[in-house]
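Let me begin by presenting the structure, written as structure tokens, before commenting on it.
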Amino acid sequence: MTTQTGKKKKLFIGGHWVEARTYQSLKSPYDQSELAEIPVAEKEDVTKAIDAADNARETLRKMPAHERTVILEKIAKGFEERLEFATEILAKEAAKPVSTARGEVQRTIQTYKFAAEEAKRIHGETLPLDAAQGGENRLAYTVREPIGVIAAITPFNFPMNLVAHKVGPAIASGNPVVLKPASQTPLSSLLLAEIAEKAGLPTGALNVVTGRGSVIGDVFVNDDRVKMITFTGSPAVGIALRNKAGLKRVTLELGSNSAVIVDKDVNIDRLIPRCVTGAFAYQGQVCISLQRVYVHEDVYEEYVKKFVEKAKELKLGDPLDPSTDVSALISPDDVKRAESWVNEAVQNGAKLALGGQSSETVFLPTVLTDVGRQEKVSCQEVFAPIVVINKVTSVEEAVGLVNDSSYGLQAGIYTNDVHTALDAADRLHVGGVLINDIPTFRVDHMPYGGVKESGTGREGIKYAIEEMTEMKLVIFNRNN
Ligand code: NAP
């Protein structure tokens, strides 16, 4: 295995570590110290990566399922062996508090294990063609075939596990990948390339190109050999990619302004710690962060008071300090944006119950109440430690407010009434409804994805494999 020990990193193309013509400095979001020099791939590098992936297509397509399983198990093992190193990478490049970062690496291991298992379960079905007149005496079955070269584009916020959600199912279903990680978090993908190489993944089956999203994305959409683009990131970029992708299959895992409803009669003490975690884990930079809370008027005052008390206990600071709960936002621009959105809401009548400012790169956990539905902190994705808590007179009103959004990823409802819960589940227009939980719940084998501007297609290994394979029908005419 080639290990990239120095600060200057290389691209991973066709099984080789390749220098780029230009480099950019990767800085720590927390203290702005230089972490590495990252290669900036040019068009030619990306085309070479697609060449390599295309060359690996037949090898992967013919590889038996049990061999794909073994490779994925070895990738999981590789992360297990480097758990602490991988954790440190995430803490440094993403400013992810170290305990949360370790949790992400553990989930990454599990995601590759799920992929190893799903590799063995890809199959079609037999069809009773004789249900139609003229269909007698024909044996019909479907198979699922690998789609071909997959271009994967990933965001900064879960740079290891969201990559695993694309590379895992792609390898499981026999597809080569060209991976473009977010510019702020390339180190975790370069580590994956090292681990995958050691795990025996065939040459060209995984290629990692770092650099500017727009440059690399353009090569992906314009190359006919790329059969699928799997994108996780912001709606603006995802929608633009889909508009340019023509007949390529495109899955989009985009943003949200996720909400939870709190009905009267629920035990507030029990749900407060969970809600505070949902709002502020990883500084609110989670696609299913709890951004909006609609609380029944009977328990509203109690909820706000206890939420603010609990949020005050959060410890701010260095992501590498094990006691830190909330660290830096991903960029200084995001700190400014968060501050201006909060100020705008307050000028328009919202009340600030906690936070509202920053301490250098760290934006303080912020609670706003009485927020108008047109405020950016309510109707756009905040992606910062900011939560809006508003009063409602009924669950019905709350469901209307949750649905009054251009997004629809996941939503939660806390209630003791089973009819209220199931009615809300029927009416909430989202990809997933959580009853008696926050919308921030995810485990890695569940179907995950959104409606409206939250995206199209589903991840969660088995479901991603459906997107990454094509159905072929075979009919054997036994009448001759
Ligand atoms: P982003 O700015 O959209 O970037 C995502 C990826 O797209 C990065 O690799 C980026 O590269 C690349 N990119 C940028 N411009 C591009 C272009 N023109 N063509 C092709 N690729 C391009 O998103 P982010 O700030 O990293 O991530 C936060 C967003 O991701 C939030 O909206 C969040 O909700 C969403 N998200 C969704 C899910 C989900 O499963 N639904 C999960 C996590 C995050 P550069 O870094 O080089 O610009």
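Counting Lys and Arg as +1 and Asp and Glu as -1, what is the net charge of the other residues whose Cβ lies under 10 Å from the Cβ of ARG458?
Details: positive: LYS462; negative: GLU253, GLU459, GLU466, GLU467.
Value of the local net charge: -3.
Given R₀ = 41 Å, FRET efficiency for ARG61-GLN374 by Cβ-Cβ distance, to 0.05?
Details: r = 51 Å, r/R0 = 1.25.
So the FRET efficiency works out to roughly 0.20.
Given Cα pairs under 8 Å that are at least 6 residues apart, what percent is the relative contact order of segment 396-480?
On the way: 112 pairs, mean separation 22.2, N = 85.
Relative contact order comes out at 26 percent.
Which shape class, rounded, prolate or oblate, goes with segment 264-368 when its Cα gyration tensor gives a ≥ b ≥ c as root eigenvalues, a/c under 1.5 marks rounded, and past that a/b bigger than b/c marks prolate?
Details: a/c = 2.16, a/b = 1.33, b/c = 1.62.
In terms of gyration-tensor shape, oblate.
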Discussion item. Please list, ordered by chain and number, the residues whose modelled amide H lies under 5 Å from the amide H of LEU35; skip anything fewer than 5 residues away on the same chain.
Written reply: LEU26, LYS27, SER28
Worksheet item: Measuring from label point to label point, each 7 Å out along Cα→Cβ, what is the ALA131 to SER323 span in nm?
Response: 6.4 nm
Worksheet item: Long-range amide H contacts for TYR23: which residues qualify at under 5 Å (H placed 1.01 Å from N, peptide plane, sequence gap of 5 or more or a different chain)?
Response: VAL40
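Which of the three applies to segment 103-225, rounded, prolate or oblate, going by the alpha-carbon gyration tensor with a ≥ b ≥ c and a/c under 1.5 meaning rounded?
Numbers: a/c = 2.83, a/b = 1.92, b/c = 1.47.
Prolate.
Would you mind calculating the relative contact order of the chain from Cα pairs under 8 angstrom and at least 6 residues apart, reporting the percent as a whole number?
Numbers: 1120 pairs, mean separation 86.2, N = 480.
Reported relative contact order: 18 percent.
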Discussion item. Could you give the length gained by full extension between GLU313 and VAL70, i.e. 0.36 nm per residue of separation minus their alpha carbon distance, to one decimal place?
Written reply: 83.0 nm
Worksheet item: In percent, how large is the relative contact order of segment 259-443, given Cα pairs closer than 8 Å and 6 or more residues apart?
Response: 28 percent
Worksheet item: Which whole-Hz couplings ³J(HN,Hα) result when phi for each residue of segment 120-136 is put into the Karplus expression 6.51 cos²θ - 1.76 cosθ + 1.60, θ = phi - 60°, listed in order with x for Gly and Pro?
Response: 8, 10, 8, 7, x, 8, 9, 10, x, 5, 6, 5, 10, 4, x, x, 5
Fill in: Charge sum, other residues only, whose C-beta stays under 11 Å from ASN390's C-beta, Lys/Arg counted +1 and Asp/Glu -1
0
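Given the convex hull of the Cα atoms of the chain, what is a quarter of its surface area in nm²? Provide the component values of the computation, followed by the final result.
Working: hull surface 97.7 nm².
Orientation-averaged projected area of the Cα hull: 24.4 nm².
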Worksheet entry | Sites LYS43 and THR393 - FRET efficiency at Förster radius 51 Å, r taken between beta-carbons, to 0.05 | 0.35
Discussion item. Show me the ranking of peptides 92-100, 321-329, 266-274 by mean Cβ neighbours inside 10 Å, starting with the highest.
Written reply: 92-100, 321-329, 266-274
Discussion item. Using only the Cα atoms of segment 259-443, what are the Rg and Dmax in Å?
Written reply: 15.5, 47
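Which order, highest average first, do 402-409, 176-183 follow once you tally other Cβ atoms within 10 Å for each residue and take the mean per peptide? Don't jump to the answer; show the numbers that get you there.
Numbers: 402-409: 21.1, 176-183: 25.9.
My ranking of the peptides, most packed first, is 176-183, 402-409.
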Item to complete: In whole Hz, with x marking every Gly and Pro, tabulate ³J(HN,Hα) for segment 362-372 from phi via Karplus 6.51 cos²θ - 1.76 cosθ + 1.60, θ = phi - 60°.
Response: 9, 8, 6, x, 10, 10, 10, 10, 6, 9, x
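Give me the percent of Cα-Cα pairs in segment 1-78 that sit more than 19 Å apart, rounded to a whole number. List each step's numbers first, then the result.
On the way: 1697 of 3003 pairs.
The proportion of pairs with Cα distances above 19 Å equals 57 percent.
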Worksheet item: Using the beta-carbon distance between ASN243 and ASN479 and R0 = 56 Å, what value does 1/(1 + (r/R0)^6) give for FRET efficiency, to the nearest 0.05?
Response: 0.75
Response to the item:
Filtered hits (lysines, Cα-Cα < 19 Å from LYS113, offset >= 8 within chain) -> LYS74, LYS77, LYS166, LYS198, LYS462
Worksheet item: So what is the calculated 222 nm ellipticity per residue for the chain, using -39500 (n - 2.57) for each DSSP H run with n of 4 or more, over all residues, to the nearest 500 deg cm²/dmol?
Response: -12000 deg cm²/dmol
Worksheet item: In segment 259-443, carbon and sulfur make up what percent of the accessible area (probe 1.4 Å)?
Response: 48 percent
Fill in: Under the Karplus curve 6.51 cos²θ - 1.76 cosθ + 1.60, θ = phi - 60°, whole-Hz ³J(HN,Hα) for segment 141-146, x wherever Gly or Pro sits
8, 10, 10, 10, 10, x
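Please compute the net charge surrounding LEU290, taking Lys and Arg as +1 and Asp and Glu as -1 over other residues with Cβ under 12 Å from its Cβ. Please report the intermediate quantities before stating the final value.
Values: positive: ARG274, ARG292; negative: ASP437.
Local net charge: +1.
The values are calculated or read from the model by the stated rules, or taken from the named source; none is laboratory data. Keep in mind it's a predicted model, so treat the numbers as computed, not measured. Don't worry about glycine lacking a Cβ; one is built from the backbone with ideal geometry, like all the others, and counts go over all protein chains shown. These area figures cover heavy atoms from the full protein model, side chains too; ligands, DNA and RNA do not enter into them. Shrake-Rupley method; radii C 1.70, N 1.55, O 1.52, S 1.80 Å.
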